[in-house]
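K.L.:
Structure provided below as structure tokens; questions to follow.
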Amino acid sequence: MKQNHGLDQGRLASTGPSPVSMPGETSLPRAVPRTAIARVLIRAARPDDLEEATRLERRIWGRMSATLNELQRRLFALPEAFLLAELHRPGRAPAIVGLTNGLLWTRDFPRSYFDYERMLPSSTHNPRGDVLYLASLGVDPSLRGRRIGLRLLQETIEVGRRRHLKYARLIASQRSRILCARAGFEVVRPLPRLYRQHRDLMPQPVLMELPLI
Ligand SMILES: CC(C)(COP(=O)(O)OP(=O)(O)OC[C@H]1O[C@@H](n2cnc3c(N)ncnc32)[C@H](O)[C@@H]1OP(=O)(O)O)[C@@H](O)C(=O)NCCC(=O)NCCS
């Protein structure tokens, strides 16, 4: 079994990992014993996770997904903020079912989000920045609605706080805005010119921000 890397195990134990019922299991009659209890662990990624993470990224983001090379660069840029959600089921190999990658930005970056769209997120990383920018938050489509996305957000926010960063930022869609607000983010402004070619994946993008101190 893979080990937890980079996250405080004690704190994890107090906040989770919470059990996740498998699809289909919840509809079983009460008399039927639950034979498989699944758990989701949030942990920092390692280089050997990235091929599987790239496949998940493709299932989530399709044509907008990051390549293996791009994920390698993001992991190299800020390893502690590249978090994975790993599903553990008895008798089965752990599976990566969610991810998010944090990068550092300065507060005045980018001048134009339209320009940002043409850059690879890894190339926007600035080690001197005090803003934790969250790229690629996503959960396997078959496991959504089980708070995995919220836990990924919360753990990444904790990484930012431990590093004494000042803000966390992300670009949310109309659909993910409620989730991000649940984690404490507030809308800074709409980004109507962003992702015009990808409105199916990112409808009505907005910049959201959370002060960390
Ligand atoms: C957004 C996303 C990561 C949420 O993951 P999750 O594990 O389902 O999240 P949680 O269970 O913690 O929270 C569920 C909330 O996510 C939001 N959500 C649900 N489906 C969504 C979808 N298809 N796309 C975006 N957000 C969605 C809703 O606000 C939902 O709240 P509700 O269940 O009360 O309606 C996941 O839906 C996803 O991967 N979406 C596609 C990629 C994306 O839009 N990423 C967000 C960029 S900031």
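Just so it is clear, none of the values below were taken in a lab; they were calculated from the coordinates. Predicted model, so just to flag it, every value in this text is computed and none were measured. Using ideal geometry, Cβ is built from the backbone for each residue, glycine included, and neighbour counts are taken over all protein chains shown.
K.L.:
Which whole-number percent is the relative contact order of the stretch 45-211 (Cα, under 8 Å, 6+ apart)? Walk me through the numbers on the way to the answer.
P.N.:
Values: 286 pairs, mean separation 32.1, N = 167.
It rounds to 19 percent for the stretch 45-211.
K.L.:
Another question about this same structure. Short version: ³J(HN,Hα) in whole Hz for each residue of the stretch 107-119, in order, from phi by Karplus 6.51 cos²θ - 1.76 cosθ + 1.60 (θ = phi - 60°), x for Gly and Pro, what are they?
P.N.:
Ordered by residue, 3J(HN,Hα) equals 5, 8, 9, x, 5, 9, 6, 5, 5, 4, 4, 8, 9 Hz.
K.L.:
Further question: With r defined as the distance between the Cβ atoms of Arg55 and Glu186 and R0 fixed at 22 Å, what FRET efficiency is calculated, to the nearest 0.05?
P.N.:
Working: r = 33 Å, r/R0 = 1.51.
For R0 = 22 Å, the calculated efficiency reads 0.10.
K.L.:
Regarding the stretch 97-193, what is the average projected area of its C-alpha convex hull, in nm²? Please list the in-between numbers first.
P.N.:
On the way: hull surface 25.7 nm².
One quarter of the hull surface, i.e. the mean projection, equals 6.4 nm².
K.L.:
Listing Arg162, Arg74, Arg59 from the residue with the fewest other Cβ atoms within 10 Å to the one with the most, what is the order?
P.N.:
On the way: Arg162 11, Arg74 26, Arg59 14.
Fewest-to-most ranking of Arg162, Arg74, Arg59: Arg162, Arg59, Arg74.
K.L.:
Contour minus end-to-end for Ser142 and Met64, with contour as 0.36 nm per residue of separation and end-to-end as the Cα-Cα distance?
P.N.:
26.2 nm
K.L.:
Residue by residue, what Karplus-based ³J(HN,Hα) values in Hz, rounded to whole numbers, does the stretch 195-202 have, using 6.51, -1.76 and 1.60 with θ = phi - 60° and x for Gly and Pro?
P.N.:
Working through the residues one at a time gives 6, 4, 7, 10, 5, 5, 8, 10 Hz.
K.L.:
Continuing with the same structure: Using r as the Cβ-Cβ distance of Met119 and Ser173, and R0 as 22 Å, what FRET efficiency do you calculate, to the nearest 0.05?
P.N.:
Working: r = 19 Å, r/R0 = 0.87.
Plugging the Cβ-Cβ distance into 1/(1 + (r/R0)^6) gives 0.70.
K.L.:
Same structure, new question: For the residue pair Arg89 and Asn126, what label-to-label distance in nm results when each label sits 7 Å from Cα along the Cα-to-beta-carbon direction?
P.N.:
About 4.5 nm separates the two model spin labels.
K.L.:
Then there's this: In terms of the Cα gyration tensor, with a ≥ b ≥ c the square roots of its eigenvalues, is the stretch 45-211 rounded because a/c is under 1.5, prolate because a/b exceeds b/c, or oblate?
P.N.:
Working: a/c = 1.41, a/b = 1.29, b/c = 1.09.
Rounded is the answer for the stretch 45-211, as its axis ratio a/c remains below 1.5.
K.L.:
Considering the options Ser142, Thr54, Ile157, tell which one lies farthest towards the positive end of the dipole of the stretch 45-211, charges being +1 on Lys and Arg and -1 on Asp and Glu at the Cβ, about the Cα centre.
P.N.:
Farthest along the dipole direction, towards plus: Ser142.
K.L.:
Over the stretch 133-196, what is the mean sequence separation of C-alpha contacts under 8 Å (at least six apart), divided by residue count, expressed as relative contact order in percent? Walk me through the numbers before you get to the answer.
P.N.:
Numbers: 29 pairs, mean separation 22.8, N = 64.
Reported as a whole number, the value is 36 percent.
K.L.:
While we're here: By count of other Cβ within 10 Å, fewest leading, how are Met208, Met119 ordered?
P.N.:
Numbers: Met208 22, Met119 10.
Lowest count first: Met119, Met208.
K.L.:
Same structure again: Please give the contour-minus-distance gain from Arg193 to Arg162: 0.36 nm per residue of separation, less the Cα-Cα distance, rounded to one decimal in nm.
P.N.:
On the way: separation 31, 0.36 × 31 = 11.16 nm, distance 3.38 nm.
This chain segment gains 7.8 nm when fully extended.
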